[in-house]
Amino acid sequence: MNVLSLKLCAVVLVALVAVPALAAPTAPPQPPAPPVLLNANPVVTGPVLRLGDLFTNAGTAAAAVIGKTPAVGQPLVLDVQALYRLARTYGLAWRPHTTAERSVVERESRVVDSTALAQLAGAALADKGISGDDLSVELTTPAQGVRVPSEATASIGQLSYHPDSRQFTGIVEAVIDGAPAQRTAIAGRVFRTVAMPVMVRRLQGGQVIAADDIDWIAVRDSRVPVNAMLDAGALVGLTPKRMLRPGQPILASDVQQPLLVAKGSLVMMVVETPLMQLTARGRALTDGAQGDVIRVANLQSQSVVGGVVTGPGVVLVAGPGGHQAGGQ
């Protein structure tokens, strides 16, 4: 083998060795880890505070428990020093941008409003035998309801009722996993209510009240007017003296029998005796409903007499001897 052949063989061997090296796949570069970010205003649930509540991209350290969650309405403020110590303790690549950085942790919550609390109080009172369709419960403290942890259920305990004043006190317990997590004092009153008929639509004077014009509302017994109309049946067939508004109590002085005789209108004056009936034309000097006594002027004699309205445009006046219909 000559020198040229030896050189050629060497070149081929080098090429054969180099090809596998060039063909071997290279591992892709690893993406950089996402930056650790501070949560400035985390809202948390549950009893414990974790590192992942304060920092995003905390990795496996996110599940580390670092304390208790704050009570509802009592934010926990962690300043920059506390945050930096936590980051170093758990090996997080986080540094504050300014010394003013902080994290304000709040407990996620919901409001149990006064209506819901009154219903809970009503159920608790019923358990003590204080119940009835005519009872209404009103919360006086706190007037705006109670804020509780979002995962809690609310109940009322330690209920005390004073029958003389109809007042009660108790404790709203926010229960989580069977244990009270928060307690708030409440107070209220129990009222008896009266069912009162009201109008479902606006009625003007002269309109006649029908059964389907009437609805019912519950009113505290202490707020029922002395002369309020409480019998819906007695309202049917009457007419307003003044406008009746929907949902408003109706007083006896607000309604009357429909006018059968209008002041100034022509009427038939009827005189009845045991032996005869006489009629004459007259003019009403006052309004009158069925059974009302009104004054009427005789158109022929111009004399003014009193009479009883017995029908539309009909007035029964006294005859000789003062007799009226029915022998009065």
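Please treat every number below as a calculation from the coordinates, not as lab data. Being a predicted model, the structure only gives us computed values, none of them experimental. Here Cβ is always computed from backbone atoms with ideal geometry, including for glycine, and neighbour counts include all displayed protein chains.
For the chain, set up a Gaussian network in which alpha carbons nearer than 10 Å are linked by springs, and say which option among Ile217, Ile294, Ile156 fluctuates the most.
Of Ile217, Ile294, Ile156, the Gaussian network model singles out Ile294 as fluctuating most.
Please compute one quarter of the surface area of the Cα convex hull for segment 111-192 and express it in square nanometres.
On the way: hull surface 20.2 nm².
Value for segment 111-192: 5.1 nm².
Using the Kirkwood formula over every pair of different C-alpha atoms, what hydrodynamic radius in Å results for segment 231-300?
Answer for segment 231-300: a Kirkwood hydrodynamic radius of 14.4 Å.
For segment 259-327, report the % of Cα-Cα distances exceeding 21 Å.
Details: 331 of 2346 pairs.
For segment 259-327, the share of Cα pairs beyond 21 Å comes to 14 percent.
Just the number, please: percent antiparallel of the DSSP beta bridges in the chain, rounded to the nearest 5.
Rounded to the nearest five, the antiparallel share is 90 percent.
From Cα pairs below 8 angstrom and at least 6 apart in sequence, can you work out the relative contact order of the chain, rounded to a whole percent?
9 percent
Using Cα pairs closer than 8 Å and at least 6 residues apart in sequence, work out the relative contact order for segment 259-327, in percent.
34 percent
Helix-derived [θ] at 222 nm for the chain: sum -39500 (n - 2.57) over DSSP H runs of at least 4, divide by residue count, nearest 500?
Only helices count here, giving -5000 deg cm²/dmol.
Give me the dipole magnitude in Debye, nearest 20, for segment 136-223 about the Cα centre, with unit charges on the beta carbon: positive for Lys and Arg, negative for Asp and Glu. Before the final figure, lay out the partial values.
On the way: 9 positive and 9 negative charges, 65 e Å.
With only Lys, Arg, Asp and Glu charged at Cβ, the dipole is about 300 debye.
How tilted is helix 3-23 with respect to the longest principal axis of the chain? Cα atoms for both, answer in degrees (0 to 90, nearest 10).
20 degrees
What dipole magnitude, in Debye to the nearest 20, does the chain give about its Cα centre under +1 on Lys/Arg Cβ and -1 on Asp/Glu Cβ?
For the chain, the charge dipole is close to 920 debye.
Work out the length of the dipole vector of segment 37-107 about its Cα centre, built from +1 on the beta-carbon of each Lys and Arg and -1 on the beta-carbon of each Asp and Glu, and round it to the nearest 20 debye.
For segment 37-107, the charge dipole is close to 160 debye.
For the chain, what is the Kirkwood estimate of the hydrodynamic radius, computed as the reciprocal of the mean inverse distance between distinct Cα atoms, to one decimal in Å?
This gives a value of 29.7 Å.
Going by Cα centres, segment 182-201 and segment 108-161 are how many Å apart?
12 Å
Taking the chain as a Gaussian network, Cα atoms linked when under 10 Å apart, which of Ala100, Ala124, Ala143 shows the biggest mean-square fluctuation?
Comparing Ala100, Ala124, Ala143 in a Gaussian network model of the chain, the most mobile one is Ala100.
Within 11 Å, Cβ to Cβ, of Thr310, how many net charges do the neighbouring residues add up to if Lys/Arg are +1 and Asp/Glu are -1?
So the surrounding residues net to -2.
Pick out which of Ser131, Ser150, Ser253 has the largest mean-square fluctuation in a Gaussian network model of the chain, springs linking Cα atoms closer than 10 Å.
Ser253
Assign one of three labels to segment 37-107, namely rounded, prolate or oblate, based on the Cα gyration tensor with a ≥ b ≥ c the square roots of its eigenvalues; rounded applies when a/c is under 1.5, prolate when it is not and a/b is larger than b/c, and oblate otherwise.
Oblate shape, in that a/c is at least 1.5 and b/c is the bigger or equal ratio.
For the chain, take the longest principal axis of its alpha carbons; what is the angle in degrees between that and the long axis of helix 114-127, to the nearest 10 within 0 to 90?
80 degrees
Compute for segment 194-256: radius of gyration divided by Kirkwood radius, i.e. Rg/Rh, restricted to C-alpha atoms, rounded to two decimals.
Computed over Cα atoms, the ratio is 0.92.
Report the dimensions of segment 185-328 along its three principal axes from the alpha-carbon atoms, largest first, rounded to Å.
Computed over the Cα atoms, the extents are 81, 28, 23 Å.
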